[in-house]
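Rule-based calculations on the coordinates, nothing more; no lab input. Please read these numbers as outputs of a predicted model, since none were measured by experiment. Cβ: placed from backbone, ideal geometry, glycine included. Neighbour counts: every protein chain shown.
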Amino acid sequence: MSASAGDIAVIGSGVAGLTAAIELATRLSGRPGRAINSPRITVYADRVSAPPASFIAPALFTPYAGPDEERFRRWTERSFATLARIAAEDPSSGVRMAELREYFYKRPVRRAWLDELLATRPLQYPPSPPLVEATTSVRPHIDMLRYMPWLESRAAAMGVRFEQRSFVAIDEVFALGYSAAVNCAGVGAGRLADDPLVKPMHGQVLHLRNDIGLTYSLHDDAGGPEGQVAYIFVFEDRLVLGGTFDAGRDDHATDRPALDALLERCRNLLRMDGFPRWAELGRGRAGTGGREELRALAGVRPTRGPGGVGRAGAYEHTRVERESVAGGVVVHCYGHGRSGATLSWGSAAEVADLLLGKGS
């Protein structure tokens with residue numbers, strides 16, 4: 001496709017790319033949901049080798065701070081408000097507000113503004129050692145298997161076009177006639193931007209039937225004996241159990257030993273919560289002959305940063321920055337790590353500010 005002057009190319013069809021395209025279309029049309037005529041916005045998707053990690057993410061609103069605290073707060077508040085509004089206005093989006101219980105082996109860094117935003121409060125019954133704190137909060141739960149198609153349809157209704165194509169270098173975009181591009185290519189964004197800080201992080205999840213009657217989600221801080229996180233997120237038709245974090249691993253394979261260990265961590269999390277049917281998690285209904293597993297999935301998160309356990313923002317040095325290059329302007333938007341779905345609307349707003357100007 002040949003582009004006209006003023007057209008915008010969005011490289012990447014994950015959650016960062018789709019929200020950026022919708023935010024740009026909204027600014028250009030003048031109101032949410034209204035189709036734009038010109039300039040055209042085209043999202044370029046590369047799904048030949050594997051789908052974007054966004055389709056595989058659990059996902060629940062869990063903001064991980066990067067090195068810029070002011071930006072982190074701005075993005076968090078913007079994304080929370082947008083997701084809460086989507087949950088209230090359109091249940092078909094796959095977004096709903098629900099309870100999360102968090103269990104901590106180590107005292108967490110508390111932010112008063114974030115606790116207020118999420119309505120965080122201590123659980124009624126204090127946890128027993130080795131846990132040191134337990135809280136409950138209300139957060140957006142984002143069913144990505146429904147949310148991603150919903151984002152695509154919303155973008156298409158606003159006039160955003162989609163094309164299947166991959167790029168090796170950013171100048172290939174401008175060779176098509178574009179003068180503006182948004183780099184949301186996930187792990188591939190590092191190649192396009194020549195950024196060595198971008199690295200893959202492999203993760204695995206289990207989808208199980210909710211045959212134990214769980215009504216709230218749970219998460220711990222990976223401070224247990226194994227040093228690995230456990231979480232159970234409740235969606236309408238299933239439970240999503242996680243997770244694994246293998247920095248530097250770039251494939252989409254699942255590992256049975258890792259999934260078995262993940263399941264045991266989640267059973268232990270339920271046991272610590274006092275949930276009476278914790279031992280039944282993943283056992284399957286009577287007569288099924290064992291575990292009733294809907295699916296096991298693996299994906300690759302696009303992280304950015306120095307890495308390393310215990311370092312604040314080690315994997316979420318998200319880059320949202322305008323750069324002038326030969327042929328045009330690029331706004332980079334990548335490296336969300338574990339906060340892609342969570343902070344995407346906040347970073348999308350900044351993309352639009354950088355490309356179109358604030359208040360546009």
For this session: Would you please give the FRET efficiency between GLN164 and ALA247, computed as 1/(1 + (r/R0)^6) with r the Cβ-Cβ distance and R0 = 35 Å, to the nearest 0.05?
Result: 0.75
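Per 0.36 nm of contour for each residue apart, how much would the distance between GLU236 and MET97 grow if the chain were fully extended, relative to their Cα-Cα spacing? Present the calculation step by step, with values, prior to reporting the outcome.
Working: separation 139, 0.36 × 139 = 50.04 nm, distance 1.19 nm.
The GLU236-MET97 span can extend by a further 48.9 nm.
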Exercise. For the peptides 334-345, 240-251, what is the packing order when you average, over each peptide's residues, the other Cβ atoms within 10 Å and list the highest mean first?
Worked result: 334-345, 240-251
Problem set entry | Order of ASP260, ASP211 under a 10 Å beta carbon neighbour criterion, fewest first | ASP260, ASP211
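Between ASP194 and GLU89, what FRET efficiency comes out of the Förster formula 1/(1 + (r/R0)^6) with R0 = 35 Å and r the beta carbon distance, rounded to 0.05?
Values: r = 41 Å, r/R0 = 1.16.
That pair, GLU89 with ASP194, gives E of 0.30.
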Exercise. Which helices count as membrane-span-like in the chain under these terms: full DSSP H, at least 18 Å along the axis by C-alpha, Kyte-Doolittle mean of -0.5 or more?
Worked result: 15-29, 144-157, 256-273, 340-356
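At 222 nm, what helix-only mean residue ellipticity would the chain give, in deg cm²/dmol to the nearest 500, using -39500 (n - 2.57) for each DSSP H run of four or more? It would help to have the intermediate numbers written out before the result.
Details: 8 runs with 101 residues, N = 360.
After summing the helix terms and dividing by residue count, I get -9000 deg cm²/dmol.
In a shell of Cβ-Cβ distance under 9 Å around TRP345, excluding TRP345 itself, what net charge do Lys and Arg (+1) and Asp and Glu (-1) give? Write down the numbers at each step before the final one.
Values: positive: ARG78; negative: GLU23.
The answer is 0.
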Exercise. At q = 0.11, 0.13, 0.14 Å⁻¹, what is the log10 ratio I(q)/I(0) for the chain, with the Debye formula run over Cα points and no solvent?
Worked result: -0.74, -1.01, -1.16
Seminar exercise, completed: Most exposed first, judged by fewest Cβ atoms within 10 angstrom, CYS333, CYS184, CYS266 run CYS266, CYS333, CYS184
Exercise. Label points 7 Å out from Cα along the Cβ direction at GLU77 and GLU226: separation in nm?
Worked result: 3.9 nm
